[in-house]
Structure formats: structure tokens, C-alpha cells
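Report on one structure; see the data block that follows.
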Amino acid sequence: MSNNKKIEGKIGVQSDNMFPIIKKFLYSDNEIFLREIVSNAVDATQKLRTLSSKGEYTGELGDLRVEVKIDGDKLIISDSGVGMTAEEIDKYINQIAISGAEEFVEKHKDDAASIIGHFGLGFYSAFMVSKEVEIYTQSYDESEPSMRWRCKGDPEFVLEEAEKRPRGTDVILHIDEDSKEFLDKLRIRTLLEKYCRFLPVPIVFGKQTEWKDGAEVETDKDLVINETHPLWTRTPSDLKDEDYQHFYQMLYPMSDEPLFWIHLNIDYPFNLTGILYFPQVKSNLDLQKNKIQLFSNQVFVTDNVEGIVPEFLGLLHGVLDSPDIPLNVSRSYLQSDNNVKKISSYITRKVADKLSEIFKEDRKTYEEKWPALDLFVKYGMLSEEKFYDRAEQFVLLQDSEDKLYTLDEYRTLISGEQTDKEGNVVYLYAVDSEQQYAYIKDAKNKGYNVLLLRGPLDIHFISMLEQKVAQSRFVRVDSDTLDNLIPKERDKQDEVEVTPEEEALLISLFDQQLPSQSDSQMLSVQASHQGKDAKPLIVVQSEYMRRMKDMAQMQPGMQMYGAMPDSYVLKLNLDNPTIRGIAVVFNNNASAEEEKKLRGDKKGYQARMEAIQQQLNDEGLDDATKATLKKDKEETQAKIAELNASINELYKNFGDDHAVIAQLIDLGLLSSGLLKGEALDTFVTRSMKMLKN
């Protein structure tokens, strides 16, 4: 092409509305244009290095860098890479194979990256922010003329020879009026640091600054945005712990030092490098996802690695770099690509290997770090079957004395004492060693061990173990009496003989002294044989209902359980002399005679009720007789209700006169952490009064 010869034409697309598509649908992600243009410049530079290494280019490489600068209303990205000939411009810029664009874009209009990646529109993303784009380029082949290409955001372009320039390419973006933000130095620097921080070619953006005489002034030193040889590209054997820790602080300033890290480096059957860090977790609030940064050949892609790593590994921090994952990664790509699936499995295995290695080689250090690893490991076991198979060897259980055990070690520890009469090994657990102190102490006194399970995933974790580990049950230590939690063959001779009438009496006396019920909390009374040395009573809560309520807080679709009140049961110990003594006192009280009379009357009315009902069952009754019987039935029912009320009133009055019943109830509630506010104050006042007496 001779000087001043100019070519005008149309970009080779099958859809003339490509540019409106870019403008309309990609606008929300318009910042990615800078990543695309700078990445192209880096590619051009790397290609020149390759040609030089192969002897296909023998000229001086010079200072290989990419420069980004703002000039008035223009943003210019310059490189000194391979450049392009007129034929290459026509091939790589003017010819874009787009078919079925409208349908595709309508389907993916909310995913700019997907569109760009699908159509190879990296360069054309510049038109998201530009009213005109120029390319000024010189091929590394000095015999080729310098070329200038111009386009104003429509299919029309101009390609012409230009004044001779040095090797490389300038991409000149004439920024549109509605994209002036990309002429702001801080905005461009922020984007360069986000997308180009670790590119393999120096990215220069202006000069470094310093404070002088109270003002920020430019120095003569170039401001290089990126680290061209980031840690994950280097050989692990050449690195020290300090290098990894320094890199972590670079990625996450102001963070605590990581627990440990994994350096990934594999080139078959896929390419993957990176460093994954285990962060220190002090509370559940510290668990933040989207802390892993994904790169493709050192170009930042995203910090949302969902689909690339298993969900539980999203709790880790660090970087992953794989050229097998495209710059413009999309959800549909991740779901279908085999390499991505292999990468996910590989990372899971490497993480499990690292944890297993630390556990086996330095268990003391592993146990010290367990509080920060607990949630992560259990989350992995719950969500990944392959990880469970490995992690069951190094997941730890902590007991109430803060001792740590593997699953096998703990089962061996408790299988002797804590095997029930059905052959099930029963794992007792608590969630609060202070609040459940009394229950834990009683269990220890019986020779049992109690686990501490207080993590947010522990309810799901123990449910999983019950399914995975044969003949095992997990029960909270305050969910029933110990004899019921770990039922064994009992010697009936150890039980005190109590008649059904006495048991019913005791339940009724305590029932009438229960605190007022509420919509959020209910309390009922039961009685059982618990042994002469056991406490007079305990307050328990059903294991099943508690688990359902706990799960309802984390799982949608279980709100029904979450809305149900907390139901507690006050279990009287029929073998305890204090409890039996209450029945004795009542039976020696004048109230006993009154109760006997009322119960006799009630029994008579109940017999009458049965007789009336038998008559009503006769289908041959006339209407008048039936009406008379129904009226008689209603009156009898009312009389029974009246007698029940009188009996309950008698029980209540007895309890009011014998404060020991209310005192025992409050002691049970207090030991389970349920006595609060006014009820606690009443208990204290009553206790002081009883001490005086």
C-alpha cells in the first residue's frame, strides 16, 4: 500500500446493529473495556518476546511496556509489541463473525462478559465508552508501512497508511460524553489495579507522586501499576514463609496472618497455578466469600469463583490462575466445561491433602488451629462427598474438657460406657458449658463424656454422622434424663414403688404451680424413675423438636418448625425422697379428704356420662328423648368441668401453702437457664424467706 492510499469499507459483520448492541446491552459492564484493550497490548508484547526467543525477530526489544495515558478527551493505550500490518488489521479487526446476534444478545443482555467472550469482541468493547476509536500501528516487520485505522462506532471504517512510527500499537479512545468518568485519573488507576495488577508486562500510568511543601507533586519515576512476577508464578522451593505472608498482606491489607497456605502448580491435564490461604476466623462474621481472585494468564477475571471451586472452598482466600478458563467466563461455560470440573476436583483434593499432611506431621499445631478450621472442614464434609471421605480422618470433636479427638478415637473412648441396650453408641453433647453445667456434671458423675457442639453447622453435621456412622445417636445432654438418653437394662428392685394415683397426684400438684405459659415457651410435667441419688427433677427439651427448630433457622421451607414454641418438660424423679415426701404431706393434709370426696363425685358423673352416651348410640331413639339426653350430657360435662376446676384449685392452694413445690420448679428452670426477669426475682425473694424460716 503506497503513501496516502486510503481504504474505506464496512466491518465484516452479518448484523449491522452490532454497535447499538454493544452500546445498549454492555453498558452496565463498560469498565471491562480497559481490561480487554490492555490485555491485547500485553499479548502483542508477549508475542514479540516469543518471536525474539525463536530468532524470528532479530531487532532490539527495547523497553517492553504498556503505557496508559489520558490526553484531553482521549484515553490512549500504547505498546511496543508486534504491531499489525494492513492485512492483519483487515483479518483481526475488520472481520467479525457474528450470526444470530439479536437472539443471543436478548438472551444474555444482562451478562456483558458472556457476549464479549462468545463473539470475540474484546477490542470492540472500546465502543462501550468511545464515540470514535483509532488504531495507529507499526508491524515488527519494518518493511511494512505504518497504518491508521478509524471507526466511529458504526460498521464504516477507514484504513490508511500513516506517518512512519516506532514498532507497536497505539489504541486511541475518544471517550463519549456519557463516559467521562474514564478520563478521571483515579478511576483509571483503580481499574488498572483491579484488572492489571499482576500482568506479565509492566503497565505504566503516569508518574509516581510524593508530598513536597504540603502538596502532592509528580516525580520523574514511572508509576508501574503491576507486579509482573507474582508469587504464584514462582517456584515454591524458592519461596519462604515470609514471602507468602507478605503476598497475603498485599492482597488483603489489615488482615491477620493466614493459618497456612497451599501453592498450586499443575500443567496436565489442565493448567492451573495459584495460592490458596486459610484465613484466621475469629467469629462467623469473619466468614466472607468472594475472597479468591481468578486470573487467566495473570489477567484478572473475577472474584466470584462459584462454579470453579466447590462452595465450601469459597471460604478460602487467595488467587487461582488458569489459561483454560477464558477471560469472559460465563455461568453456562462453567457448568459445561470439563476442565473446570477437573480443576474443582483437583483443588478439593489438594486442600484435603494439605490438611491431612498437617494433621499427621504436626498434630499439636493442627489442634491449635482447629477453632479456625472447624467450620470450614465441617462445611466441606456436608457439601462434598469426596471431601468427606478424606476429612473423616482429620475432623476433630471437642469435649467439655476441651480435649480433641478424631471420629475413631472418640467412638473408642465412649463405646464402653455409652452403648445403650440396643447396641447404639450414644454421643452426648452440649452447646454451652456454662448454661448446661449441671447436666454435664451429672453425665460425668455417671462416667459419661460430653461433647461441645456450638458451631452454626453442628446440627447438620451430627445429623450427617448419624447417617454415615452405623449404630450411633447424638443427643443433647439436657434433652432427657440420663437413663432415657442411654437406656440400659435396669434392675426394678432399685425403683421405689409408686402407685399410679400417687404419680398422677404429683404431676397435678406441680402442674398447678407452673409459671404462666407464653406463645414462645411451653412447660409441661412428666414423672419417671431416675434413681434415688438423682435430683428431684430436671427440665428437658425434646431432641427432635430442638433440631427441627435449629435447622429452620438455616433452611428455607422449614419455617413451620421455627414458628413453634419452645417446649420443655419438667421430669419429676419418683425415686427421690423429696418428691415422694410431697405426696406424703398432701395425703396427711385435710386437702386429701376434700380431694377424695371431689374425685368420688367426679367418678359418679363420669359413670353417668358413659351411660348417657350408650343411650345416645341407640339409633332407634325418638327426637324428644334424644334432645333430653343431649341436654343431660351437657349438664354432666359442665359438672365434671366444675369438679376438675375445684380439684385443681385444691392442688393450687396446697402448692401455695407449701412453697417447696414452686421452689423445686424454679431450681429446675434455673439450672437450665430458663429462669429470668421477674420469675428470677420471685425465686430469690422466696429463697430468702425460706432461709429465715
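Do the conditions hold for I462, that is, is it open to solvent by less than 30 Å² (accessible area, probe 1.4 Å) and under 24 Å from R390 (Cβ atoms)? Against the criterion (open to solvent by less than 30 Å² (accessible area, probe 1.4 Å) and under 24 Å from R390 (Cβ atoms)), I462 qualifies. Sub-9 Å Cβ pairs linking a first residue in region 603-630 that is more than 21 Å from A641 (Cβ to Cβ) and aliphatic (A, V, I, L, M) to a second residue that is open to solvent by 70 Å² or more (accessible area, probe 1.4 Å) and assigned to a helix (DSSP H, G or I), at least 6 apart or interchain, are L621/Q615, ordered by first then second residue.
Could we say that K107 is at pLDDT 85 or above, open to solvent by 20 Å² or more (accessible area, probe 1.4 Å) and among the basic types (K, R) here? Walk me through it before giving the result.
Numbers: at pLDDT 85 or above: no; open to solvent by 20 Å² or more (accessible area, probe 1.4 Å): yes; among the basic types (K, R): yes.
Spelling it out, it is not the case that K107 is at pLDDT 85 or above, open to solvent by 20 Å² or more (accessible area, probe 1.4 Å) and among the basic types (K, R).
Taking (1) at pLDDT below 90; (2) assigned to a helix (DSSP H, G or I) in turn, G581 satisfies each apart from (1). Only one of the numbered conditions (1) touching a Leu at 6+ places or on another chain (Cβ under 8 Å); (2) in contact (Cβ under 8 Å) with a residue 24 or more places away in the chain; (3) among the acidic types (D, E) is not met by D243, and that is (2).
Looking at region 210-226, which of the residues that are touching a residue at least 12 places away in the same chain (Cβ under 8 Å) and among the β-branched types (V, I, T) is farthest from G62 (Cα to Cα)? Per the stated criteria, the residue is T219. Against the condition surrounded by 16 or more Cβ atoms within 10 Å (Cβ to Cβ), over 21 Å from S508 (Cα atoms) and more than 56 Å from the chain's Cα centre (by Cα), how does T636 come out, does it pass? Spelling it out, T636 is indeed surrounded by 16 or more Cβ atoms within 10 Å (Cβ to Cβ), over 21 Å from S508 (Cα atoms) and more than 56 Å from the chain's Cα centre (by Cα).
Residue check: I343 meets all listed conditions (1) modelled with pLDDT under 95; (2) touching a helix residue (DSSP H, G or I) at 6+ places or on another chain (Cβ under 6 Å); (3) open to solvent by less than 10 Å² (accessible area, probe 1.4 Å) but one, namely (2). Residues in region 466-481 that are open to solvent by less than 30 Å² (accessible area, probe 1.4 Å) and either within 12 Å of V426 (Cα to Cα) or among the β-branched types (V, I, T) (or both): S472, F474, V475, V477, T481. Considering only residues of region 62-77 that are surrounded by 15 or more Cβ atoms within 10 Å (Cβ to Cβ) and not in a strand (DSSP E or B), which is nearest to the chain's Cα centre (by Cα)? By that ranking, first place goes to R65.
Scanning region 601-623 for residues that are open to solvent by less than 60 Å² (accessible area, probe 1.4 Å) and farther than 19 Å from A638 by Cβ yields a single hit, L621. Only one of the numbered conditions (1) on the phi < 0 side of the Ramachandran plot; (2) open to solvent by 70 Å² or more (accessible area, probe 1.4 Å) is not met by L514, and that is (2). So in region 384-408, with the set limited to residues that are open to solvent by 40 Å² or more (accessible area, probe 1.4 Å) and more than 30 Å from G314 (Cβ to Cβ), which one is modelled with the highest pLDDT? So, considering only residues that are open to solvent by 40 Å² or more (accessible area, probe 1.4 Å) and more than 30 Å from G314 (Cβ to Cβ), the one modelled with the highest pLDDT is K403. Condition check for A590 on (1) closer than 30 Å to L667 by Cα; (2) exposed (fewer than 11 other Cβ atoms within 10 Å of the Cβ); (3) modelled with pLDDT of 90 or more: one failure, at (3). Screening V82 with (1) in a loop (DSSP other than H, G, I, E, B); (2) of a type in the set (A, V, I, L, M); (3) at pLDDT below 90; (4) open to solvent by less than 70 Å² (accessible area, probe 1.4 Å) gives one miss only, at (3).
Among the residues of region 630-649, are any not in a helix (DSSP H, G or I) and not aliphatic (A, V, I, L, M)? For region 630-649, residues not in a helix (DSSP H, G or I) and not aliphatic (A, V, I, L, M): absent. State whether the residues of region 415-437 include one that is in a helix (DSSP H, G or I) and open to solvent by 50 Å² or more (accessible area, probe 1.4 Å). Looking through region 415-437, at least one residue is in a helix (DSSP H, G or I) and open to solvent by 50 Å² or more (accessible area, probe 1.4 Å).
The values are calculated or read from the model by the stated rules, or taken from the named source; none is laboratory data. Please read all numbers here as calculations on a predicted model, not as lab measurements. Cβ: placed from backbone, ideal geometry, glycine included. Neighbour counts: every protein chain shown. Heavy atoms of the whole protein, side chains included, go into the accessibility calculation; ligands, DNA and RNA do not. Shrake-Rupley method; radii C 1.70, N 1.55, O 1.52, S 1.80 Å.
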